[in-house]
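**Student:** Below is a structure I'd like to ask you about.
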Amino acid sequence: MSNPLRVTVWGEFRHEKKNPKVSAIYPDGMHECIAAFLRKDPALTVRTAWLDQPEHGLTDAVLAGTDVLLWWGHMAHGDVQDAIVAKVRARVLEGMGLIALHSAHYAKIFKALLGTTCSLKWREATDKERLWNVLPSHPITQGIGEYFEIPAEEMYGEPFGIPTPDELIFISWFTGGEVFRSGATWQRGHGKVFYFRPGHETYPTYHLPDVQKVISNAVHWARPMVNIPDVCPNSPALEPLPEDAEASQRSTEGHK
Ligand code: ZN
């Protein structure tokens, strides 16, 4: 819809300040690493926002000027204000795209949109992850082979407490034997939602070309098709109405 596509990359940006292992991998924060590879695409304008900014960096103006929002959260889901979550949710229902990364499976916004527990199994044990591309015709998997591998990642395992996805894009296998629905989409209102599992903060996952390709593809896929605000207007008839039209029209006044 918009040209260029307006992208906001949101991150907690707390691990990077507290854990030297994380800041060594992401000196400017994970959100800036993601923004940096997206900025190579001339079709995108990319800004970043993070938790400890006023309104978490997601002011009304920023949200109104965002076509696709990427969300990385992990340790501080509870610190995200409910009022901001409600505004983000409303924007998705209007048409904004949302890409939930890694532990955003437990973010308030993700759970609010999907309506289920979104719980899962996990293990930090440097498993290898193999992501199988189970929907090779999908826009998100273009340029991705039959599978790709991440040498070391946190394990997420089934059962994953999500509603059955509209589209299942990736299934992961881990060294420990678990599998997981690592890439999945849902339509929510007029907006598109994509969940993409990899991205634990102590591994250099967002530096990997395949991961960057998936996220870049997903940003384009999630672009808004429409922007339809949540209003409930009384509507005039398009065709001549029967004789009692005026009365029946009046009876609907004030009806919501
Ligand atoms: Zn993690």
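None of the figures in this text is laboratory data; all of them are computed from the coordinates on show. Values in this document were obtained by computation on a predicted structure and should not be read as measured data. Note: ideal-geometry Cβ built from the backbone for every residue, glycine included; neighbour counts use all protein chains shown.
**Student:** For the pair Glu167 and Asp82, how long in nm is the line joining their label points, each one 7 Å along Cα→Cβ?
**Tutor:** Result: 3.5 nm between the two label points.
**Student:** Something else: Can you give me the relative contact order of the chain as a percent, contacts being Cα pairs under 8 Å and 6 or more apart?
**Tutor:** About 20 percent, as a whole number.
**Student:** Looking at the chain, which longest stretch skips every one of the GluC sites (Glu not before Pro) that is in a DSSP loop with at most 10 other Cβ atoms within 10 Å, leaving the sites themselves out?
**Tutor:** 1-145
**Student:** Grab the Cα-Cα distance for Cys232 and Asp52, subtract it from 0.36 nm times how many residues apart they are, and report the gain in nm with one decimal.
**Tutor:** Value of the extension gain: 61.3 nm.
**Student:** Ok, one more. Please give the contour-minus-distance gain from Glu239 to Asp60: 0.36 nm per residue of separation, less the Cα-Cα distance, rounded to one decimal in nm. Present the calculation step by step, with values, prior to reporting the outcome.
**Tutor:** Details: separation 179, 0.36 × 179 = 64.44 nm, distance 3.84 nm.
Here the answer is 60.6 nm.
**Student:** What lysines does Lys40 reach when the alpha-carbon gap must be under 21 Å and sequence neighbours fewer than 8 apart in one chain are set aside?
**Tutor:** The reachable lysines, counting only those whose Cα sits under 21 Å from Lys40, are Lys213.
**Student:** Using the charge dipole of the chain (Lys, Arg: +1 at Cβ; Asp, Glu: -1 at Cβ; taken about the Cα centre), state which of Asn19, Asn227, Ile162 has its Cα farthest towards the positive end.
**Tutor:** Going by the charge dipole, the pick is Asn19.
**Student:** Who wins for biggest fluctuation among Ile215, Ile150, Ile109 in a Gaussian network model of the chain, springs between alpha carbons below 10 Å?
**Tutor:** For the chain, modelled as a Gaussian network with Cα springs under 10 Å, the answer is Ile150.
**Student:** Also: With Cβ to Cβ distances under 9 Å as the rule, what net charge do the other residues near Ser216 carry (K, R +1; D, E -1)?
**Tutor:** Here the charged neighbours net out to +1.
**Student:** Mind listing the Cα extents of the range 120-162 along all three principal axes, in Å, largest one first?
**Tutor:** 31, 26, 11
**Student:** Suppose only helical runs count, i.e. DSSP H with n ≥ 4. What mean residue ellipticity at 222 nm does that imply for the chain under -39500 (n - 2.57) per run, divided by all residues and rounded to the nearest 500 deg cm²/dmol?
**Tutor:** -6500 deg cm²/dmol
**Student:** Cut-off is 10 Å between beta-carbons; in what order do His102, His220 appear when sorted fewest neighbours first?
**Tutor:** His220, His102
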